[in-house]
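The values are calculated or read from the model by the stated rules, or taken from the named source; none is laboratory data. Model, not experiment: these values are computed from the prediction. Here Cβ is always computed from backbone atoms with ideal geometry, including for glycine, and neighbour counts include all displayed protein chains.
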Amino acid sequence: MGKQNEQLDEKKLREAVKQAVRQPRLAFYSPVAAAILNYRKSVIPRYSISDEIAKIVESALRQKYPKLTAKAKKAFQQARREASAKQPGKAVQ
């Protein structure tokens, strides 16, 4: 989805959300990012590289794809509600 006005494929979004629920981790190759984040981890107590990367990536995605981000969040919340409803004893949020 390079363009903001492209039509959203709801089925593909649901599939992407299911995949993200099963495997939420991402990996990428960047020696510069690794050096910066490892440095910060060595000098900041309780620093979390994963938390930092998640904040940076999610912020950039919100800026680049605001409509897709909103739809993905809504779809993810719906998927979590459906998963909770299937488990006995779990409260539906």
Looking at the range 9-33, which of its residues are surrounded by 10 or more Cβ atoms within 10 Å (Cβ to Cβ), charged (D, E, K, R) and either part of a helix (DSSP H, G or I) or touching a residue at least 60 places away in the same chain (Cβ under 8 Å) (or both)? 10, 12, 14, 15, 18
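Here are 40, 46, 62: which of them is at pLDDT 95 or above, on the phi > 0 side of the Ramachandran plot and out of contact with any Leu (no Cβ under 7 Å at 6 or more places or on another chain)?
So the residue among 40, 46, 62 that is at pLDDT 95 or above, on the phi > 0 side of the Ramachandran plot and out of contact with any Leu (no Cβ under 7 Å at 6 or more places or on another chain) is 46.
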